[in-house]
Amino acid sequence: MENNDISGLASSLAAHGLLKPEKLQQITSAAASEQKRLVPYLVENNFIDSLTLAQFCEAEYGLPLLDSDTLALDDIPENLVNAKLIEKHHALPVYVQHKTLYIAMSDPTNVSALEDFGFSFSMNTEALLVEESKLNKAIESLLNDSASTLEDMGNIDDIEVDESDSRLDETQSVDDDAPIVKYINGVLIDAVKKGASDLHFEPYEKKYRIRFRVDGILHEVASPPVNLANRFSARLKVMSKLDIAERRLPQDGRIKLKISNKRNIDLRVSTLPTMWGEKIVMRILDSSAASLDIDRLGYTDEQKAKYMNALSKPQGMILITGPTGSGKTVSLYTGLNILNTVERNISTAEDPVEINLTGINQVQINNKAGLTFASALRSFLRQDPDIVMVGEIRDLETAEIGIKAAQTGHLVLSTLHTNSAAETLTRLLNMGVPAFNIASSVSLIIAQRLARRLCESCKEPLVMSDTELLKIGFNAEQLSIKQNLFKPVGCSKCTDGYKGRVGIYEVMEMSDELGRIILNDGNAMQIAETAESEGMYTLRQSAIKQALNGVTSLNEVTRIT
């Protein structure tokens, strides 16, 4: 801080009789020599009472005085907790409102704090006054918790880097290529804290962009200098055990992060040569973050009952469909978790294994070594299985082996990439699976999407006309409860008004009538119409139900369906 700022505040205190004029130079010099701001120095050395000083600053500088006793430190968003800035400026970012970051501080002349926080978070900033003693206590408490979290981040396992490079700790001191190492580590920490599913490192001609996919939506989080592109890619490739000299061909690798003694996170890494360098995408596979509680996934009571009924059968095939990132894996694992008892032999073939479940024999597919879904499935059938799960049916061979298993006393679970439950049946037909095999083996199909959950802290009622709602797909009964609709707003606890995601499902049980349609070469439209007449909710109808429950917004309904 500049001397004239210190002198200005000290002179004002002296002019109002709160500081002895004869000690003015002595105090300001002593504070400067100890590299402390004036306000903390005055309170620590009992030159002035903490509350008296805060009330003086409130009147002198016209800033609101915040009672930090009412400040819930747990409510401060993790992305605002930057230990270096907090310690440097003795100031605490507390919340964001209307794109403005509010900073709690005891020194109203600390303009550099507002500038630094504003630059770091790309926001406007406003100051809030807090008593020095209370601010100091809040900062110590917050940073102690933050330090415990960072200490819990542990060492990265299974990567060939120096000991100094292997900790995910944004506060440590490292040498050599320290800025790059620390920056990448910080990005990974930030991604884990924000619950990101994917990280994108993207080079362009005049820009380098880093984006996180949070709740299914990509957000730009940083734009470091473009001349660092090659160093970023080299560092990430070293961590992933990839060939740093190979820049012309795509490569795939993995990173294993040890977050704590009980929690590991795997990163699946993919590099792609582009016009301006290598784009690197990292998929976070965090098994500890996945909820395998069927009651939390978003199924209606009717849909849940159908899924549980199919899981209770001794044989048959359960297929879960949807695009990449629609939550198919979690739905599969939820079913396996329900079935996972000591009496059952369960084997899975996956690419990759995303969630580790004790008691289930999980096989990692390795196409280069010849371990394909089909070959793994054949092996399973020689291992006295009760239940088998195939990560994805990609070809006729895998489909035929799976259907054979379902017809011979085994319960088979798998996924396909189709847009609806009805299209799954026609996809199997197009693969070349005989219609009679499909009709006799498939017992349940679940098509699904993931919708963003509205933030409970800031969502507001939505007003729309009946005409607009009818166009979306509402019926007369649903129009009568349209007051239950909400819209996103945005606050410090969420991202653009959303926090977390919920599943939207289309659950279709195989019936005799659906079997007849398949045997008669019926199309997807006929299958869907019959399933709806038998009580199936479409994806759009299921999404509307979640909107009327206040869980998601109509924007999400139209976006995902």
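Here is how the numbers come out for the structure above:
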{"item": "Gyration tensor (alpha-carbon) shape descriptor, the stretch 97-149, a/c threshold 1.5", "result": "oblate"}
{"item": "Mean ellipticity per residue at 222 nm, deg cm²/dmol - from DSSP H runs of n ≥ 4 across the chain, formula -39500 (n - 2.57)", "result": "-11500 deg cm²/dmol"}
{"item": "Reported label for calculated Rg and Dmax of the Cα atoms in Å given [x] 22.1, 71; [y] 29.2, 102; [z] 29.0, 88", "result": "[y]"}
{"item": "Label-point gap, in nm, between Asn356 and Leu381 - each point 7 angstrom along Cα→Cβ", "result": "3.1"}
{"item": "5 angstrom amide H check on Thr348, placed H, neighbours 5+ away", "result": "Asn361, Gln362, Val363, Met389"}
{"item": "Karplus-derived HN-Hα couplings along the stretch 392-404 (A = 6.51, B = -1.76, C = 1.60, θ = phi - 60°), whole Hz, x at Gly and Pro", "result": "7, 8, 10, 8, 5, 4, 5, 4, 5, 5, x, 5, 4"}
{"item": "Value of relative contact order over the chain, rounded to a whole percent, pairs C-alpha under 8 Å and six or more apart", "result": "9"}
{"item": "The stretch 445-495: relative contact order in percent, alpha carbon pairs under 8 Å with at least 6 residues between", "result": "54"}
{"item": "Pairwise FRET efficiency - Lys206 versus Lys84, Cβ, R0 = 41 Å, nearest 0.05", "result": "0.90"}
{"item": "Acute angle (nearest 10 degrees) that the helix 24-33 long axis makes with the longest principal axis of the chain, alpha-carbon atoms", "result": "40"}
{"item": "Residue-normalised accessible area of the chain, given per residue in Å² at a 1.4 Å probe", "result": "48"}
{"item": "Over 24 Å (Cα to Cα) - which of Lys99/Lys134; Lys88/Lys137; Lys194/Lys487 fall in this group", "result": "Lys99/Lys134"}
{"item": "The stretch 373-475: relative contact order as a whole-number percent, Cα under 8 Å and 6+ apart", "result": "22"}
{"item": "Long-range HN-HN contacts of Gly500 with modeled amide H, under 5 Å", "result": "Arg453"}
{"item": "Inter-label distance, nm, simple model (7 Å from Cα along the C-beta direction), Val463/Asn230", "result": "6.0"}
{"item": "Cut-off under 5 Å, modelled amide H: who pairs with Ala222 long-range", "result": "Ile210"}
{"item": "Accessible surface of the chain, 1.4 Å probe, proportion on carbon and sulfur as whole %", "result": "46"}
{"item": "Dipole magnitude of the chain about its Cα centre (Cβ charges: Lys, Arg +1; Asp, Glu -1), debye to nearest 20", "result": "1320"}
{"item": "Cysteines without a disulfide-compatible neighbour (Cβ-Cβ under 4.7 Å), the chain", "result": "Cys57"}
{"item": "Of Lys279/Lys368; Lys84/Lys258; Lys304/Lys545, those spanning more than 18 Å from alpha-carbon to alpha-carbon", "result": "Lys279/Lys368; Lys84/Lys258"}
{"item": "Cα-based helix-to-principal-axis angle, 50-61 vs the chain, degrees rounded to 10", "result": "90"}
{"item": "Global geometry of the stretch 361-405, whether rounded, prolate or oblate, following the gyration tensor of its Cα atoms and the 1.5 cut on a/c", "result": "oblate"}
{"item": "From phi via Karplus (6.51, -1.76, 1.60), per-residue ³J(HN,Hα) for the stretch 234-248 in Hz, x at Gly/Pro", "result": "4, 5, 5, 6, 4, 4, 8, 6, 9, 7, 6, 7, 8, 10, 9"}
{"item": "Area accessible to solvent at Thr372, 1.4 Å probe radius, in Å²", "result": "50"}
{"item": "Cα long-axis angle, helix 524-533 against the chain (0 to 90 degrees, to the nearest 10)", "result": "80"}
{"item": "Gain upon complete extension [Lys193, Asn337; 0.36 nm per residue less C-alpha separation]", "result": "49.2 nm"}
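The values are calculated or read from the model by the stated rules, or taken from the named source; none is laboratory data. These numbers were taken from a predicted model, which means no experiment stands behind them. Note that we place each Cβ from the backbone using ideal geometry, even for glycine, and neighbour counts take in every protein chain shown. Ligands, DNA and RNA are excluded from the accessible area calculation, which covers all protein heavy atoms including side chains. Shrake-Rupley method; radii C 1.70, N 1.55, O 1.52, S 1.80 Å.
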